[in-house]
Amino acid sequence: MGWAVFVAGAVLSWGAYGVLLYLGQVQLGNPLKALLCVGVAYFLIGVLLPVAGLGSQGALSHFDTGGLIKATMAGALGAAGAACIIYAFKAGGLPVYVMPLVFGGAPIVNVVLSMAIHPPKAAINPMLYVGFLLASIGAAMVLYFRPAA
């Protein structure tokens with residue numbers, strides 16, 4: 001269950017991400033400045049930290065080509081998602097609207113893509129589709145019943 005601590009860390013980090021990104025973007029006055037700041041943070045945490053860790057383990061070589069390509073594509077998707085969120089804010093979306101839609105829709109995309117890559121070995125439980133519906137309804141309810149600013 002040690003992984004649950006890291007799940008909680010991701011929930012807390014990404015839960016605060018949209019609000020802080022929006023505030024930073026507004027204060028910077030330009031969405032590209034906000035995206036640059038995100039990129040710098042990704043570089044510091046996503047490049048320097050693993051280079052230091054891998055270097056201390058003597059593991060900075062011999063990357064599997066397939067893994068390298070897939071992990072780089074995942075990083076590009078993460079950066080593209082950050083850019084999409086930034087431009088959603090620029091187009092008038094507020095974190096209270098944008099983030100519930102992102103976090104309500106992303107798990108659905110994740111499950112569908114995961115099933116496409118790793119087809120289920122047994123019949124899909126119909127409750128999965130109920131879960132998709134409830135995730136969509138949950139995001140809509142968060143938007144509809146949000147506190148007034």
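Would you be able to say whether some residue in region 91-114 is more than 29 Å from residue 34 (Cα to Cα) and not β-branched (Val, Ile, Thr)? Yes: one or more hits.
Annotation note: Cβ proximity below 6 Å between a residue of region 65-83 that is without any contact (Cβ under 8 Å) to a residue 60 or more places away in the chain and a residue that is in a helix (DSSP H, G or I) (sequence gap 6+ or interchain) occurs for 83/35. May I ask you to list pairs of residues, at least six apart or on different chains, whose Cβ atoms are under 7 Å apart, with the first in region 129-149 being without any contact (Cβ under 8 Å) to a residue 40 or more places away in the chain and surrounded by 14 or more Cβ atoms within 10 Å (Cβ to Cβ) and the second being among the hydrophobic types (A, V, I, L, M, F, W, C) and part of a helix (DSSP H, G or I)? Pairs that qualify, where the first residue is without any contact (Cβ under 8 Å) to a residue 40 or more places away in the chain and surrounded by 14 or more Cβ atoms within 10 Å (Cβ to Cβ) and the partner is among the hydrophobic types (A, V, I, L, M, F, W, C) and part of a helix (DSSP H, G or I), are 132/108; 135/108; 139/101. Tell me which residues, restricted to region 42-83, are of a type outside the set (Gly, Ala, Ser), surrounded by 12 or more Cβ atoms within 10 Å (Cβ to Cβ) and within 23 Å of residue 101 (Cβ to Cβ). Of everything in region 42-83, just one residue is of a type outside the set (Gly, Ala, Ser), surrounded by 12 or more Cβ atoms within 10 Å (Cβ to Cβ) and within 23 Å of residue 101 (Cβ to Cβ), namely 42. Would you confirm whether any residue within region 50-64 is of a type in the set (Ser, Thr, Tyr), part of a helix (DSSP H, G or I) and under 24 Å from residue 105 (Cβ atoms)? Within region 50-64, none of the residues are of a type in the set (Ser, Thr, Tyr), part of a helix (DSSP H, G or I) and under 24 Å from residue 105 (Cβ atoms).
If you check residue 22 against the conditions, is it within 30 Å of residue 131 (Cα to Cα), in contact (Cβ under 8 Å) with a residue 60 or more places away in the chain and surrounded by 10 or more Cβ atoms within 10 Å (Cβ to Cβ)? Judged against the criteria, residue 22 is a match.
Would you confirm, using the coordinates I've provided, whether residue 39 is surrounded by fewer than 10 Cβ atoms within 10 Å (Cβ to Cβ) and out of contact with any Asp or Glu (no Cβ under 7 Å at 6 or more places or on another chain)? Walk me through it before giving the result.
Numbers: surrounded by fewer than 10 Cβ atoms within 10 Å (Cβ to Cβ): no; out of contact with any Asp or Glu (no Cβ under 7 Å at 6 or more places or on another chain): yes.
So residue 39 does not fit the description; no.
Within region 92-119, the residues that satisfy the criterion of being at pLDDT 95 or above and not in a helix (DSSP H, G or I) are 118, 119.
Answer with yes or no whether residue 16 is closer than 30 Å to residue 91 by Cα, surrounded by 11 or more Cβ atoms within 10 Å (Cβ to Cβ) and touching a helix residue (DSSP H, G or I) at 6+ places or on another chain (Cβ under 8 Å). Don't jump to the end; show me each part of the working.
Values: closer than 30 Å to residue 91 by Cα: yes; surrounded by 11 or more Cβ atoms within 10 Å (Cβ to Cβ): yes; touching a helix residue (DSSP H, G or I) at 6+ places or on another chain (Cβ under 8 Å): no.
The answer is no for residue 16.
The values are calculated or read from the model by the stated rules, or taken from the named source; none is laboratory data. As the structure is a prediction and not an experimental result, all values here were calculated from the model. Note: ideal-geometry Cβ built from the backbone for every residue, glycine included; neighbour counts use all protein chains shown.
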